[in-house]
Amino acid sequence: MTTVDYGGWLINELSLAVSDLVNPSKRVSILYFASALFFAFVLFLFRYGKGAPRRLSALFSWRLWWHPSARVDYALWLCNRLILSLLFPKVITTLGVVTWLMFQLREVGLSPLAMTIPDWSVIALFSLCYFLLDDFSRFWLHWLMHRWSWLWAFHRVHHSAKVLTPFTVLRTHPVEGMLFYGRSLLVQGSLVALFVTLFPGQVSLLMIGGVFVATYVFNICGANLRHSPVPISYGKTLERWLISPAQHQLHHSAAVEHYDCNFGVVLAVWDRWFRCLQFGSDQQKLRYGTLSTLDQAGVFGQYLSPILFLGRGLNGRQAGLIKTSLVNGGKAKARETTQAKPE
Ligand SMILES: [Zn+2]
Ligand SMILES: [Zn+2]
């Protein structure tokens, strides 16, 4: 690749990143931010009347959007994009995974079902299985990232945000980005391969598009505000089933009593199942971050932090000592550490 090609590649990738801001298939889309804001305003208007605009005012402060932590969010978003486009093998596509898995399923003798099932039933079954498996696998991988110190070493980059903005969702170490991409390929690939094998001619890759309707609804209904300074609770009854923005903010809290709770993305049932669900509140006032020097680190510091963190662990000091105790009536217990700090 020549120098000119690198220049073209850089401009192309950066313009693609900026175009994400108006792409409805991306979480950072301004469209979702606007609709989430509208959703929150209507909800607060209903709950607090004239107090609604004041509750949302923190979202319009330059002190939020230009906070050093928010600037690291933006830098990580752009740098991760460049790194992943260079490193991650784009040859591994859903289609490739589906083809390979279908071959494996045929090898173990799986064949089309003998009975005829209407197309709409197959589509409904596929959509339900996809939604549940996708949401559970996100929850489970996130849960593992808090359980295993070598995964926490990467995930703590996300938790080092001192302020939450809709861009904080992209504040991740590239290794975490690759793990979640691999998860998505595996979930999509295995379900499509299974359904194409069992119901040939009744399933197409386009069906996955139908599943995204649920994701759109989720994003429109405030999902973008889970990384924001505005706590929005859905109320205890609904929060037993769906994770609210306030519940994800509790997940980011630096307070010991909030460690290792609310790992879910859409459904709260997985957190209930693993006994780590906590309810949110519109009134909660939280402090975010890991309370370590990582919270002040720039992009390079964030990228290098897993090596340093695990290095400390290998020296027997800290990294391997993180433990989570997820017991007692659905309440998450504190991670035990050698220090009074969260890591
Ligand atoms: Zn987390
Ligand atoms: Zn988060």
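The values are calculated or read from the model by the stated rules, or taken from the named source; none is laboratory data. Everything numeric here is computed off the predicted structure, so don't read it as measured data. Glycine also receives a Cβ, built like all others from the backbone with ideal geometry; neighbour counts cover every protein chain displayed. We work out accessible area using only protein heavy atoms, side chains counted, and drop any ligands, DNA or RNA first. Shrake-Rupley method; radii C 1.70, N 1.55, O 1.52, S 1.80 Å.
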Query raised in the report: Residue check, THR293 against (1) within 22 Å of LEU170 (Cα to Cα); (2) among the β-branched types (Val, Ile, Thr); (3) within 16 Å of ligand 1 (Cβ to nearest atom), all met but one. Which one?
Result: (3)
Query - Subset tally (residues that are among the aliphatic types (A, V, I, L, M) and crowded, with 18+ Cβ neighbours inside 10 Å) for the stretch 277-290 - result: 1
Report task. Find the residue count for the stretch 259-276, including only residues that are buried (at least 19 other Cβ atoms within 10 Å of the Cβ), in contact with a Lys or Arg (Cβ under 8 Å, 6 or more places away or on another chain) and of a type in the set (D, E, K, R). Result -> 1
Query raised in the report: If you scan the stretch 267-310, which residues turn out to be part of a helix (DSSP H, G or I) and within 30 Å of LEU132 (Cα to Cα)?
Result: VAL269, TRP270, ASP271, ARG272, TRP273
Query raised in the report: Which of the residues belonging to the stretch 123-166 are among the aromatic types (Phe, Trp, Tyr), touching a His at 6+ places or on another chain (Cβ under 8 Å) and more than 23 Å from TRP273 (Cα to Cα)?
Result: PHE154
Report task. Give the stretch 225-256 a look and list any residue that's open to solvent by 10 Å² or more (accessible area, probe 1.4 Å), in a helix (DSSP H, G or I) and more than 16 Å from ligand 1 (Cβ to nearest atom), or say none. Result -> LYS236, THR237, LEU238
**Report entry** helices (runs of 4 or more DSSP H) lying entirely in the stretch 86-201 (those with 2 or more residues that are within 16 Å of ligand 2 (Cβ to nearest atom))
**Finding:** 119-147, 149-159, 174-198
Report summary line: Filtering the stretch 156-180 for residues that are over 11 Å from the mean Cα position of the chain (by Cα) and either more than 14 Å from ligand 1 (Cβ to nearest atom) or among the aromatic types (Phe, Trp, Tyr) (or both) leaves a count of 8
Report task. Give the residue that is nearest to GLY298 (Cα to Cα), with candidates limited to residues of the stretch 138-155 that are open to solvent by 10 Å² or more (accessible area, probe 1.4 Å) and near ligand 1 (Cβ under 10 Å from one of its atoms). Result -> HIS142
